[in-house]
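Shown next, in structure tokens, is the structure this report addresses.
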């Protein structure tokens with residue numbers, strides 16, 4: 001799992017291994033850690049680590065003395081200096097290090113193995129590939145987020161049109177700055193900053209709505225700030241093609257938005273509508289179902305290539 005994450009993010013993550021030998025439970029925990037360190041002194045820490053991990057069932061039932069013999073054979077197969085390796089084990093060169101690792105782990109709040117610290121914080125969610133990839137994407141997003149809502153730059157008495165280029169074609173949105181100035185100003189700012197480029201449609205409910213605006217594809221990412229709702233009785237979800245802000249509650253608007261594919265009057269007066277699709281509805285109706293945290297490891301069907309703002 002960690003190997004896969006390193007392959008996906010070679011420039012973004014670094015894996016640091018920490019021992020946590022459960023000395024009070026496992027009679028060979030210290031020896032296993034010492035063996036990895038003794039091999040590491042000869043440049044083969046990870047090789048010995050992998051042998052211990054993958055062949056656990058072979059040595060878990062051995063006595064400590066039998067385990068030492070097993071380790072000598074493993075060291076020989078790894079082409080280590082076996083005599084040097086054996087001397088390190090017999091002398092207990094790394095025994096104190098294992099004891100320190102145990103007490104440091106307890107002091108850090110670790111109760112069992114395996115465990116993960118991510119950026120210094122104990123990771124307490126199920127360490128699945130999906131959850132870890134979501135965490136990494138959200139953590140990387142912080143580098144692109146903003147400290148505050150952007151300055152207002154809307155011009156008076158003009159029309160704003162957004163052309164969204166997709167891999168499968170183009171959709172065109174008429175924006176409503178007079179009814180939702182905060183939302184439109186925000187959308188234009190993010191579009192001009194390139195925020196939406198590469199964003200997938202992370203949530204697709206066929207025949208109902210599609211959602212985008214989160215670079216991580218998790219459905220949890222945003223620009224780093226929230227802004228207030230702009231609910232207008234002049235704009236409703238009674239027709240398909242309405243463009244509105246996604247939110248998790250009052251005044252939690254950010255970068256995520258959705259486009260309705262059918263009338264959804266049950267949403268009236270609950271979301272900020274800031275635009276209307278004027279071309280491309282049939283294109284969006286052809287998309288297949290997708291849910292962010294269920295499907296986001298799979299390549300998205302559609303990605304936003306660019307968003308161009310036109311003033312008329």
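The numbers here are math on the coordinates, done by the rules we state, and not lab data. Not measured: the values here are computed from a predicted model. Don't worry about glycine lacking a Cβ; one is built from the backbone with ideal geometry, like all the others, and counts go over all protein chains shown.
Here 229, 156 are placed in order of increasing Cβ neighbour count within 10 Å, fewest first, which gives 156, 229.
Using C-alpha pairs below 8 Å separated by at least 6 residues, the relative contact order for the chain is 18 percent. In this simple spin-label model, placing a label point 7 Å from the Cα along the Cα-to-Cβ direction at both residue 231 and residue 262 gives a separation of 2.4 nm. The radius of gyration of the Cα set in the range 163-226, together with its Dmax, comes out at 12.5, 32 angstrom. For a label point 7 Å from the Cα of residue 26 along Cα→C-beta, name the residues of the range 129-171 whose backbone N is under 15 Å from it. Answer for the range 129-171: none. Compared with the direct C-alpha span, the chain from residue 119 to residue 153 gains 8.5 nm at full extension, assuming 0.36 nm per residue. For the range 112-168, the C-alpha radius of gyration divided by 2.2 N^0.38 Å, with N the number of residues, is 1.95.
Full extension of the chain segment joining residue 208 with residue 57 gains 49.2 nm, where the gain is 0.36 nm per residue of separation less the Cα-Cα distance.
Between 78, 182, 190, the Gaussian network model of the chain with springs among Cα atoms under 10 angstrom shows the greatest mean-square fluctuation at 78.
Counting only alpha carbon atoms, the long axis of helix 82-91 and the longest principal axis of the chain meet at about 90°.
With the largest listed first and rounded to whole Å, the semi-axes of the equivalent ellipsoid of the range 247-312 from the Cα gyration tensor are 21, 19, 15. The distance separating the Cα centre of the range 85-135 from that of the range 152-202 comes to 47 Å. For the peptides 106-112, 19-25, residues were scored by their other Cβ atoms within 10 Å and the scores averaged per peptide; the highest-first order is 19-25, 106-112. Mean-square fluctuations from a GNM of the chain, with a 10 angstrom spring cutoff on Cα atoms, peak among 166, 277, 31 at 31.
With Cα atoms as the point set, the range 2-124 shows a radius of gyration and Dmax of 15.1, 43 Å. Stretching the chain fully between residue 77 and residue 283 yields a gain of 68.2 nm (0.36 nm per residue, less the alpha carbon separation).
Mean residue ellipticity, 222 nm, helices only, the chain: the sum of -39500 (n - 2.57) across DSSP H runs of n ≥ 4, divided by residue count and rounded to 500, is -9500 deg cm²/dmol.
Between the beta carbons of residue 238 and residue 197, assuming R0 = 35 Å, the FRET efficiency works out to 0.65 to the nearest 0.05.
Divide the volume of the convex hull around the Cα atoms of the range 186-312 by the residue count and you get 113 Å³ per residue.
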